[in-house]
Amino acid sequence: MTELQITGKGGNSTIYLDSQIARLPELIKNRKTVIITDENVFGLHGKSFPRVEDVIVVSAGEVSKTLQSAGDVFRRLVDAELDRSSLVVGIGGGVVTDLTGFVACTFMRGVSFGFAATTVLAQVDAAIGGKNGVNLDGFKNLIGIIRQPEFVLNETTMLDTLPSEERINGMSEIIKSAFIADTALIDLLEAAARTDDPYRAVSMGEAVSRAAAVKVGVVNRDVFEQGERRHLNFGHTLGHAIEKLTKIPHGYAVAVGMVAAAKMSATRNMISQADAARVAALIEAYGLPTQMDIDLGGAMDAIRKDKKRQRDTVNFVLLKALGEAAVEPISFEELEEVLRDLR
Ligand code: NAD
Ligand code: ZN
């Protein structure tokens with residue numbers, strides 16, 4: 001497996017797995033190109049960027065996912081005299097790929113764009129699937145559009161410079177992909193988890209590629225999130241609530257959400273208690289939290305406000321086996337019980 005393809009109404013995209021940033025010139029061809037990156041990625045990897053018209057370096061972090069930074073980037077694209085046949089390439093984590101996609105989709109009603117993803121989270125999730133956008137007044141991803149990047153390039157060695165918290169954060173999404181759709185990935189992760197240092201033992205290239213393949217498969221079957229794409233929200237309904245309440249990083253919050261969803265699946269006899277324990281054990285082995293002292297009322301409130309709410313129930317992604325997800329409505333009483341259990 002060296003490449004994955006996304007095809008369909010939202011456009012086509014090729015994901016180059018375990019590839020090298022040195023391949024970018026081949027993908028850029030002879031087009032006039034501007035690179036968008038952030039200060040950390042530029043500092044660590046700028047030397048390996050290809051020669052292009054301009055390199056726009058934004059501040060690191062969520063602060064750059066705003067209409068204001070999009071505006072700054074638009075002006076630089078005008079200065080670089082990009083036209084409709086030009087290319088914009090985002091090199092960075094999810095912040096850079098979301099911003100780059102949004103800017104490229106709206107500049108002159110849309111120019112071509114591609115990504116070199118440099119965080120685990122971007123390589124398995126953010127860069128894949130064509131969702132892009134910026135935040136508005138603290139509301140995440142409120143302004144955006146779905147359109148596929150022409151290419152996504154995943155270089156595994158780029159991940160070597162990641163701070164360990166970022167690696168752990170992205171691992172949460174890899175674990176999610178395994179439990180919703182890939183038993184071989186569960187095996188791979190569990191085998192490494194039996195060693196003293198799972199992050200050293202695991203083949204990151206293979207784990208990232210398998211998780212990316214899970215996302216590509218789901219997106220190909222449901223690009224506009226009418227059905228199966230919701231499986232990618234495993235652990236996320238509760239995860240988002242925890243994120244809001246505690247401000248812990250996304251992947252860490254989702255980890256707690258996955259443990260809760262697995263417990264709920266066991267309570268409903270969809271999986272065994274032993275399987276639910278395997279979910280929690282794997283999450284723990286990779287340095288992610290399995291429980292959290294959360295404010296019950298606050299969490300319930302946040303979930304009630306979540307867009308997936310339907311009257312007295314909330315749609316939750318549960319497991320019907322390890323490696324297979326299902327969306328089920330669950331009652332607020334059931335949810336409250338599980339939340340109480342988490343503390
Ligand atoms: P990020 O882009 O902020 O990167 C995290 C940190 O790692 C930053 O400080 C960055 O400068 C640094 N970094 C990046 N690559 C590095 C490298 N190779 N070595 C050292 N440091 C590096 O965050 P992220 O976790 O990659 O992405 C989070 C964003 O992705 C959020 O805004 C989220 O909304 C978005 N997202 C989008 C989608 C989607 O479908 N579009 C899906 C999931 C998440
Ligand atoms: Zn996520």
Under 13 Å from the Cα of K263, which aspartates and glutamates turn up, not counting those fewer than eight places away in the same chain? D275, E334, E336, E337, D341
Per 0.36 nm of contour for each residue apart, how much would the distance between A201 and D137 grow if the chain were fully extended, relative to their Cα-Cα spacing? 18.9 nm
If amide H atoms are built 1.01 Å from N in the plane of the peptide, which residues on other chains or at least 5 residues away come under 5 Å of the amide H of F113? V88, E150
Computed from the beta carbon distance with a Förster radius of 51 Å, FRET efficiency for A191 and K247 to the nearest 0.05 stands at 0.90
Given unit charges at Cβ for Lys, Arg (+) and Asp, Glu (-), the dipole magnitude of the chain about its Cα centre in debye, nearest 20, is 880
So what are the ³J(HN,Hα) numbers for the stretch 201-218, from phi and the Karplus equation (6.51, -1.76, 1.60; θ = phi - 60°), rounded to whole Hz, Gly and Pro as x? 6, 6, 7, 5, x, 6, 4, 5, 5, 5, 5, 4, 5, 4, 5, 4, x, 5
Accessible-area composition of the stretch 1-126, carbon plus sulfur, in percent [1.4 Å probe]: 48
Could you work out [θ]222 nm for the chain from helices alone, using -39500 (n - 2.57) per DSSP H run of at least four and dividing by all its residues? Round to the nearest 500 deg cm²/dmol. -13500 deg cm²/dmol
Between the stretch 88-114 and the stretch 202-234, what's the alpha-carbon centroid distance in Å? 21
Could you compute Rg(Cα) / (2.2 N^0.38 Å) for the chain, with N its residue count? 0.98
In square angstrom, what is the accessible area per residue of the chain with a 1.4 angstrom probe? 44
In Å, what Kirkwood hydrodynamic radius results for the stretch 219-293 from the alpha-carbon pair distances? 13.0
Percent accessible area from carbon and sulfur atoms, the stretch 169-342, protein chains only, probe 1.4 Å: 45
Order by protection proxy (mean Cβ within 10 Å, highest first), peptides 28-40, 247-259, 292-304: 247-259, 28-40, 292-304
Could you compute how much accessible surface F74 exposes when probed at 1.4 Å, giving the result in Å² to the nearest 10? 60
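The values are calculated or read from the model by the stated rules, or taken from the named source; none is laboratory data. Bear in mind that the values here come from a model prediction, so they are computed numbers and not experimental data. Glycine also receives a Cβ, built like all others from the backbone with ideal geometry; neighbour counts cover every protein chain displayed. Please note that ligands, DNA and RNA were not included when accessible areas were found on the heavy atoms of the full protein model with its side chains. Shrake-Rupley method; radii C 1.70, N 1.55, O 1.52, S 1.80 Å.
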